[in-house]
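Asker: Sharing a structure here in structure tokens format.
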Amino acid sequence: MSVHNPDVKRITTRVIQELKSKGEKISALTAYDYSLARLVDAAGVEIILVGDSASNVMAGHETTLPITLDQMIYHATSVVRAVKRALVVVDLPFGSYQGNSTEALRSAIRIMKESGAHSVKMEGGLEVKESIIRVLSAGVPVMGHLGLTPQSIYKFGTYAVRAKEETEAQKLMEDAKMLEDIGCFGVVLEKIPATLTKQVSESLTIPTIGIGAGPDADGQILVLHDLLGINKEFKPRFLRRYADLHGIITEAIEHYVDDVKDREFPSKEEAY
Ligand code: KIV
């Protein structure tokens, strides 16, 4: 059963900030299409991320790198059509903001104008500071993303936990503070030690949203298809599956195939 407060009409960045100030945890999930975004929104999730994980989940790519700005806008537009309450955040995809700040601004503006989304997310710290400032200067709310940043997978070479060493942890702390100082409204912390998440979350006034980052982030995010158990192979330690849709969907489709073969479907009642 959902416990969201129906009195809150529309979740804005201000509401997200208030949740942290009140000490209420923030729930976030990805969505990439109209039908599932409707369910996610109605169930009371506060932030819906149109993640570039669509590259993996929807298109079957090995990484998030191939997805294009046009494809992100297509997914975002479908999600925005479905959402009545949640704050919709859209990932700026790889290659659409790292070049220079003008390119970043152009990409963010396309997302906002063409999809009707409410904010964007950008991966990285100091390296992309100028681009983030430029996007923020146009009035576009930005969520940061630190720790394991999948767009840099070929630099990391692995999806293992980040910032276990002191130097990387220190840089992450500085990047998080910088993101807050320049005006980001929140920051995703992906796959970092729980102790570091606690430190960052306590030192920032903006909310942290964790994935594989332990219980002390101000909110949690998961990829919707992982939470629903659609993919059997992906089972990192941080993932809790709340359903076994792989089993349910497979069984339903096998049942349908059998019924067609056995001439059980359609019945007389299902015909005109
Ligand atoms: O693209 C995505 O799904 C994400 C989340 C994992 C935070 O960035």
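Derivation of every value follows stated rules applied to the coordinates shown; laboratory data play no part. What you see is a predicted model; the values in this text were computed from it and never measured. Methodologically, a virtual Cβ is constructed for each residue, glycine included, from the backbone with ideal geometry; neighbour enumeration extends over all protein chains shown.
Asker: To make sure I understand the rule: partners must be lysines, Cα under 20 Å from the Cα of LYS235, and not fewer than 8 residues away in the same chain. Which ones qualify?
Answerer: LYS191
Asker: Under a cut-off of 17 Å between alpha-carbon atoms, report the aspartates and glutamates in cross-link reach of LYS261, not counting same-chain residues fewer than 8 places apart.
Answerer: Partners found: GLU251, GLU270.
Asker: Of the residues HIS145, HIS225, HIS61, which exhibits the maximal mean-square fluctuation in a Gaussian network model of the chain defined by a 10 Å Cα contact cut-off?
Answerer: HIS61
Asker: Suppose every Lys and Arg Cβ carries +1 and every Asp and Glu Cβ carries -1, with no other charges. What dipole size does the chain come out with about its Cα centre, to the nearest 20 debye? Walk me through the numbers on the way to the answer.
Answerer: Numbers: 31 positive and 37 negative charges, 130 e Å.
Approximately 620 debye in magnitude.
Asker: Still on this structure, please answer the following. Place +1 on the Cβ of every Lys and Arg and -1 on the Cβ of every Asp and Glu in the chain, take the dipole about the Cα centre, and give the residue among SER119, GLY210, LEU49 whose Cα lies farthest towards its positive end.
Answerer: Farthest along the dipole direction, towards plus: SER119.
Asker: List the chymotrypsin sites (Phe, Trp or Tyr not before Pro) within segment 126-182 that fall in a DSSP loop (any state other than H, G, I, E or B) and whose Cβ has at most 14 other Cβ atoms within 10 Å.
Answerer: When the chymotrypsin sites (Phe, Trp or Tyr not before Pro) of segment 126-182 are filtered for loop state and at most 14 Cβ neighbours within 10 Å, TYR159 remain.
Asker: Using Cα springs under 10 Å in a Gaussian network model of the chain, which residue among SER201, SER27, SER137 shows the largest mean-square fluctuation?
Answerer: Looking only at SER201, SER27, SER137, the biggest GNM fluctuation is shown by SER137.
Asker: Which Cα, out of GLN199, PRO266, SER78, lies furthest along the positive dipole direction of the chain (beta carbon charges, K/R +1, D/E -1)?
Answerer: GLN199
Asker: On to the next question. Considering only the other residues whose Cβ falls under 11 Å of the Cβ of ALA82, what net charge follows from Lys and Arg at +1 and Asp and Glu at -1?
Answerer: For residues surrounding ALA82, the net value is +2.
Asker: Oh, and also: Which value at 222 nm does the chain reach when only helices count, each DSSP H run of 4 or more adding -39,500 (n - 2.57), with the total divided by all residues and rounded to the nearest 500 deg cm²/dmol? List each step's numbers first, then the result.
Answerer: On the way: 11 runs with 113 residues, N = 272.
So the calculated ellipticity at 222 nm is -12500 deg cm²/dmol.
Asker: Only bridges whose two residues both fall in the chain count here: according to DSSP, what percent of them are antiparallel, nearest 5?
Answerer: 0
Asker: Let me ask something else. Taking a cut-off of 26 Å between Cα atoms, list the lysines near LYS84, but don't count ones fewer than 8 places away on the same chain.
Answerer: LYS9, LYS20, LYS22, LYS25, LYS113, LYS121
Asker: Taking Cα atoms, how many degrees apart are the long axis of helix 101-115 and the longest axis of the chain, rounded to 10 and kept between 0 and 90?
Answerer: Helix 101-115 and the main axis of the chain meet at about 30 degrees.
Asker: Taking Rh as the Kirkwood radius computed over C-alpha pairs, what is the Stokes-Einstein D of segment 13-241 at 37 °C in a medium of viscosity 0.692 mPa s, expressed in µm² per second?
Answerer: D = 190 µm²/s.
Asker: Helix 166-182: angle to the longest alpha-carbon principal axis of the chain, degrees 0 to 90, nearest 10?
Answerer: With rounding to tens, the tilt is 90 degrees.
Asker: Residue by residue, what Karplus-based ³J(HN,Hα) values in Hz, rounded to whole numbers, does segment 16-31 have, using 6.51, -1.76 and 1.60 with θ = phi - 60° and x for Gly and Pro?
Answerer: 4, 5, 4, 4, 5, 4, 7, x, 8, 5, 9, 9, 9, 8, 7, 7
Asker: At 4 °C and a viscosity of 1.567 mPa s, what translational diffusion coefficient does Stokes-Einstein give for segment 27-93, taking Rh as the Kirkwood radius over Cα pairs? Give it in µm²/s as a whole number. Provide the component values of the computation, followed by the final result.
Answerer: Numbers: Rh = 11.6 Å.
Answer, rounded: 112 µm²/s.
Asker: Something else about it: For segment 125-216, which GluC sites (Glu not before Pro) are both in a DSSP coil and crowded by at most 14 other Cβ atoms within 10 Å?
Answerer: Passing sites in segment 125-216 are GLU165.
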